1. Of everything in the stretch 246-285, what is among the small types (Gly, Ala, Ser) and more than 19 Å from Gly54 (Cβ to Cβ)? Give them in sequence order.
2. Suppose we filter Ile109, Ile81, Ile85 for residues that are without any contact (Cβ under 8 Å) to a residue 40 or more places away in the chain and β-branched (Val, Ile, Thr); which single one remains?
3. Filtering the stretch 80-101 down to residues that are of a type in the set (Asp, Glu) and surrounded by fewer than 21 Cβ atoms within 10 Å (Cβ to Cβ), which residue is nearest to Gln196 (Cα to Cα)?
4. Quick test of your reading of the structure: Ser133 fulfils all but one of (1) of a type outside the set (Phe, Trp, Tyr); (2) over 14 Å from the mean Cα position of the chain (by Cα); (3) at positive phi. Name the failing condition by number.
5. For the stretch 37-45, does any single residue satisfy the condition of being closer than 30 Å to Lys180 by Cα and in a loop (DSSP other than H, G, I, E, B)?
6. What pairs come up if the first residue lies in the stretch 33-52 and is under 21 Å from Lys13 (Cβ atoms) and modelled with pLDDT under 95, the second is not hydroxyl-bearing (Ser, Thr, Tyr) and not in a loop (DSSP other than H, G, I, E, B), and their beta carbons are under 8 Å apart, counting only those six or more places apart or on different chains?
7. So which of Lys13, Lys20 is assigned to a loop (DSSP other than H, G, I, E, B) and surrounded by fewer than 20 Cβ atoms within 10 Å (Cβ to Cβ)?
8. Out of everything in the stretch 66-106 that is among the charged types (D, E, K, R) and under 22 Å from Ile149 (Cβ atoms), what residue ends up being farthest from the chain's Cα centre (by Cα)?
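The values are calculated or read from the model by the stated rules, or taken from the named source; none is laboratory data. All figures in this text were calculated on a predicted structure; none of them were measured in a lab. Heads up, the Cβs are rebuilt from the backbone with ideal geometry, glycines too, and the neighbour counts pull from every protein chain shown.
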Amino acid sequence: MSFFIFIPMEKIKNRILEGKHQKPILTDVFFTKTNEPKPVIVFCHGYKGFKDWGAWDLMAEAFAKEAFFVKFNFSHNGGTINQPIDFPDLEAFGNNNYSKELDDLESVIDWVFQNEEFAREINSDSITLIGHSRGGGIVCIKAEEDTRIRNVITLGGVSNFGERSSTVGGLEQWKKDGVKYVLNGRTKQQMPHFYQFYEDFKANEERFTIKRAVENLSIPLCIIHGSSDISILINEAENLHKWSSQSELHIIDEADHVFGAKHPWENRELPAHLDDAITICKSFLGN
C-alpha cells in the first residue's frame with residue numbers, strides 16, 4: 001500500500017522589508033516547506049504594476065511546487081503598507097526611478113539570503129530573476145551586476161530604457177514644470193513623473209543601458225514574448241536575443257503583454273498564455 005503525503009504550500013504575504021530609500025518594500029514568499037534547499041526565483045513587476053496584480057499569485061503558486069518564489073512591490077511603486085494594491089501614494093510613484101528599483105531588488109535578494117527563517121529552504125547557488133515589462137530591463141541589469149544570479153527570464157521585457165526616459169511632452173517643458181503626467185487607463189489616475197527620473201537616468205545612463213548589460217551577461221537568458229503584444233513590440237525581444245550569446249527566444253502565438261491576464265483576476269485557473277509562459281520558464285530552469 002502506498003501513501004500520499006500532502007505538504008501544504010507556505011504563503012507569506014506582505015512581509016515588510018526596510019529598503020535603502022526610506023520607504024518599505026512589501027514582499028510575498030511562496031514555497032512548499034520541505035526543509036530541503038530549493039531554487040530561488042525573484043519576480044519583478046513592471047511599470048504601473050504591483051505584486052498582487054492580476055494572476056501573479058497564481059503564477060507564484062505554480063512555481064512554488066518546485067521553487068522558493070519571491071515577489072514584491074518596488075518601494076516607490078505607489079502602493080503603501082495598508083493599501084498595496086493600486087496607487088494611493090502618487091508622490092512616491094513620481095519619485096520612483098531605475099536606481100531605486102535596482103536597489104530594492106538588491107535588498108530583496110539580500111533579505112532572502114540572510115534570513116535564517118528560510119535557510120533550510122533555499123539553494124543559495126541557484127537564484128533566478130524574472131521581470132515583466134519594465135521589470136525585464138531591471139532584471140537584465142541586475143543579473144549582469146550580481147554574481148549570485150544564475151539565470152534571468154524576461155516576460156514581455158523592454159530592451160531600451162533610453163527611449164522611455166524622455167517620453168511625450170518635451171524635456172524643456174518637463175524640466176520647467178518639474179513634473180509630467182501619464183493617464184492610468186484602468187484606475188483613471190493621472191500618474192506623476194517628476195523630473196528627477198530623467199536626471200537619475202542621465203546620471204547613470206551607461207549602467208541603465210540594457211544592451212550593454214545583456215551583451216555582458218555570462219549566464220543563460222530566457223526571453224518570452226507575446227506575438228500580439230502591442231505595449232512592448234516583439235522587436236524588443238528580438239533585440240535581447242540578438243545581444244545575448246546565451247539566450248533563447250520564445251514567442252507565444254497571440255499572447256498579449258500580460259499573457260491573457262487582467263486585474264482583478266477572479267478565476268482560480270491561470271490564463272492559458274501565462275500558463276504557457278510558466279511552462280517555458282520551468283523547462284528553461286530544468287524543472
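1. So the first thing to find is which residues in the stretch 246-285 are among the small types (Gly, Ala, Ser), and the list is 247, 255, 260-261, 272, 277, 283.
Hits for the stretch 246-285 are Ser247, Ser283.
2. On the way: Ile109 fails: without any contact (Cβ under 8 Å) to a residue 40 or more places away in the chain; Ile81 fails: without any contact (Cβ under 8 Å) to a residue 40 or more places away in the chain.
Step by step, each of Ile109, Ile81, Ile85 is checked, and only Ile85 is without any contact (Cβ under 8 Å) to a residue 40 or more places away in the chain and β-branched (Val, Ile, Thr).
3. The extreme case among them is Glu91.
4. (2)
5. yes
6. Going by the 8 Å Cβ cut-off, the qualifying pairs are Lys33/Glu10.
7. Details: Lys13 fails: assigned to a loop (DSSP other than H, G, I, E, B).
After applying the criteria, what remains is Lys20.
8. Step by step, filter the stretch 66-106, then rank; the result is Glu66.
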